[in-house]
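This report refers to the structure that appears directly beneath it.
The values are calculated or read from the model by the stated rules, or taken from the named source; none is laboratory data. Keep in mind it's a predicted model, so treat the numbers as computed, not measured. In this analysis, Cβ positions are derived from the backbone assuming ideal geometry, glycine residues included, and neighbour counts consider all displayed protein chains.
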Amino acid sequence: MLAKPDQASQPKLLVDGLAKNYGNAVALKPTHLAVEPGEFLTLLGPSGSGKTTLLQMISGLVTPNQGRLFIDGRDETQTPVHKRDIGLVFQHYALFPHLTVAENIGFPLKMRGLSRADTARQVADALSMVQLDHLASRFPRELSGGQQQRVALARCFVYKPAIILMDEPLGALDKKLREHMQFEIKDLHRKTGATIIYVTHDQEEALAMSDRICLMNHARVEQIGPPHEIYARPQTAFAADFIGISNIFRGRIERGANGAVHLATRNRRLLIDGKNLSNDVEMALVVRPEHLELGGESENAIKGQVAEIVYAGSETRLLVDAETDERVTVRLLPGKPLPKLGENITLSWKPEAAVLVTP
C-alpha cells in the first residue's frame with residue numbers, strides 16, 4: 001500500500017488502493033497510482049478495463065468500496081464532487097446552448113463568485129489561449145465540433161483546477177480533426193502546466209499525447225510507464241498486442257547444453273536472449289513489424305507466404321502466413337523491394353530486437 005507522502009515529495013494525486021464492486025461484478029481491483037504535478041497521464045484500455053471507473057472515483061462521481069484518494073496531500077476520499085478542485089472535459093461537450101461562447105467559458109468563474117472585471121479578463125485570456133477570440137459572442141449551435149470542444153477545454157482551464165480529467169474528449173470528432181485537437185490539447189498542457197488525466201481506448205492517441213500511459217485490463221493496471229517504454233518493452237502479451245502491432249510467438253523455454261536458450265513453439269525453436277530464464281517456463285516472444293527483415297539465414301528465419309499487401313502511405317505492410325501457424329505483419333518503408341501476393345518469402349530478426357513477455 002502507498003503511504004501518505006510527505007510535503008516535500010508529495011504527488012499531485014495519490015490513489016491508494018481504490019477499488020469498486022457492483023455486487024459481484026468487479027469494476028476496479030485495488031489500484032495504486034501516483035500522478036506528479038504537471039504530468040499528462042493517460043488511462044488506456046479496452047471497454048470494461050476499469051479506466052472510466054477509476055476516473056469517476058478520482059472526480060468524486062463514484063464512491064469507492066475501499067482505498068483512499070489524496071490531492072496535494074489532502075485526503076479527498078469522501079469529499080463531494082462539487083467541492084473537489086477538479087475540472088472535467090467530456091466527449092459530449094456539455095455546453096449551455098442558451099449561453100454565448102464567452103458566457104459558457106465564464107460560467108465556472110461566475111459560480112465561484114469572481115467579480116465581473118476579473119471574469120472578463122480571465123475569459124479573454126482563455127479565448128486567446130484556444131484562439132476563439134473572434135467567436136466570443138456566438139452560440140454553441142453556430143460552431144463546428146472542433147470549435148465546441150475548444151470552448152469546453154477553455155471552460156475547464158479558465159479556473160485553473162488542481163487536476164483536469166478528460167473522458168474520451170475527442171471521441172466524437174473525425175480522424176483528421178481528432179489529430180488536430182490532440183496537438184491543441186498538448187499545446188494547452190505545455191502553456192498551463194496543468195495536471196491532466198486523460199481516458200481513451202485509442203492507443204495511437206495515448207502514444208502521441210502522454211507523458212506516461214497507465215494501461216488497464218480486467219479491472220486492474222497492466223503496465224504503467226512512458227509511451228516509448230511500453231511500446232519497446234511491454235511486460236505482457238496483452239500490453240504488446242494492445243499497444244501498436246505485434247507478432248507474438250508462444251512457447252516454452254528450452255536451455256541447451258551449449259548455453260543457448262530457445263523458445264520452443266509448436267513447430268519451431270526460436271533463439272532468444274534469455275540467460276536468466278528457467279527451463280520449461282511458458283513465455284511469449286514479441287517481434288515488432290519494423291524489426292522483421294526480408295531474407296536472412298539466421299536461426300530465427302521463418303518461411304511464409306504473402307497473404308496481403310497493405311499500402312498505408314508512409315509504409316507498406318505485408319501480412320504473411322508463416323510456417324509457425326501465425327499470421328505475421330512486416331513493415332516496409334518506401335523504396336524497399338516488395339514481394340508479390342502469394343510469393344513464398346523468408347523473414348528473420350535479431351534476437352536482441354525481440355522482447356520476452358508473460359503470455
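Filtered by the rule that a residue be closer than 17 Å to Thr42 by Cβ and in contact with a strand residue (DSSP E or B) (Cβ under 7 Å, 6 or more places away or on another chain), region 216-234 gives Met216, Arg220, Val221, Glu222, Gln223, Ile224, Gly225, Pro226, Pro227, Ile230, Pro234.
Considering only residues that are out of contact with any helix residue (DSSP H, G or I) (no Cβ under 9 Å at 6 or more places or on another chain), at pLDDT 85 or above and within 11 Å of Asn247 (Cβ to Cβ), look in region 308-351 and name the one that is surrounded by the fewest Cβ atoms within 10 Å (Cβ to Cβ). Looking at the filtered set, the residue picked out is Arg327. Looking for something at pLDDT below 95, part of a loop (DSSP other than H, G, I, E, B) and buried (at least 23 other Cβ atoms within 10 Å of the Cβ) - is there at least one such residue anywhere in region 178-200? Scanning region 178-200 turns up no residue that is at pLDDT below 95, part of a loop (DSSP other than H, G, I, E, B) and buried (at least 23 other Cβ atoms within 10 Å of the Cβ).
Scoring Ile245 on the criteria (1) buried (at least 18 other Cβ atoms within 10 Å of the Cβ); (2) within 30 Å of Met216 (Cβ to Cβ) leaves a single failure, condition (1). The criterion of at least 1 residues that are within 18 Å of Thr236 (Cα to Cα) and free of Cβ contacts under 8 Å to residues at least 40 places away in the same chain is met by none of the strands (runs of 3 or more DSSP E) wholly inside region 263-354. Counting the residues of region 112-124 that are under 16 Å from Cys156 (Cβ atoms) and either in contact with a Cys (Cβ under 9 Å, 6 or more places away or on another chain) or exposed (fewer than 13 other Cβ atoms within 10 Å of the Cβ) (or both) gives 1. Considering the conditions (1) touching a strand residue (DSSP E or B) at 6+ places or on another chain (Cβ under 6 Å); (2) part of a helix (DSSP H, G or I), Pro169 is excluded by exactly one of them, (2). Restricting region 152-166 to residues that are out of contact with any Pro (no Cβ under 8 Å at 6 or more places or on another chain) and not in a helix (DSSP H, G or I) leaves a set whose member that is modelled with the lowest pLDDT is Lys160. Check region 238-250 and report whether any residue there is of a type in the set (Lys, Arg), assigned to a strand (DSSP E or B) and either at pLDDT 95 or above or in contact with a His (Cβ under 6 Å, 6 or more places away or on another chain) (or both). So far as region 238-250 goes, no, none of its residues is of a type in the set (Lys, Arg), assigned to a strand (DSSP E or B) and either at pLDDT 95 or above or in contact with a His (Cβ under 6 Å, 6 or more places away or on another chain) (or both).
From the list Ala117, Ala136, Ala154, Ala94, the lone residue that is more than 26 Å from Gln182 (Cα to Cα), in the same structural domain as Met181 (by TED's automatic domain parsing) and out of contact with any Gly (no Cβ under 7 Å at 6 or more places or on another chain) is Ala117. Within region 282-295, being surrounded by 15 or more Cβ atoms within 10 Å (Cβ to Cβ) and of a type outside the set (Lys, Arg) holds for Met283, Ala284, Leu285, Val286, Val287, Pro289, Glu290, His291, Leu292, Glu293, Leu294. The C-beta contact set for region 144-157 (first residue touching a residue at least 40 places away in the same chain (Cβ under 8 Å), second residue part of a helix (DSSP H, G or I) and aromatic (Phe, Trp, Tyr), distance under 9 angstrom, 6+ apart or interchain) comprises Arg155/Phe107. Report whether or not Gly23 is of a type in the set (Gly, Ala, Ser) and modelled with pLDDT under 95. Considered against the rule, which asks whether it is of a type in the set (Gly, Ala, Ser) and modelled with pLDDT under 95, Gly23 comes out as yes.
Between Glu168, Glu184, the distinction of being under 28 Å from Phe139 (Cβ atoms), in the same structural domain as Val35 (by TED's automatic domain parsing) and touching an Asp or Glu at 6+ places or on another chain (Cβ under 9 Å) belongs to Glu168 only.
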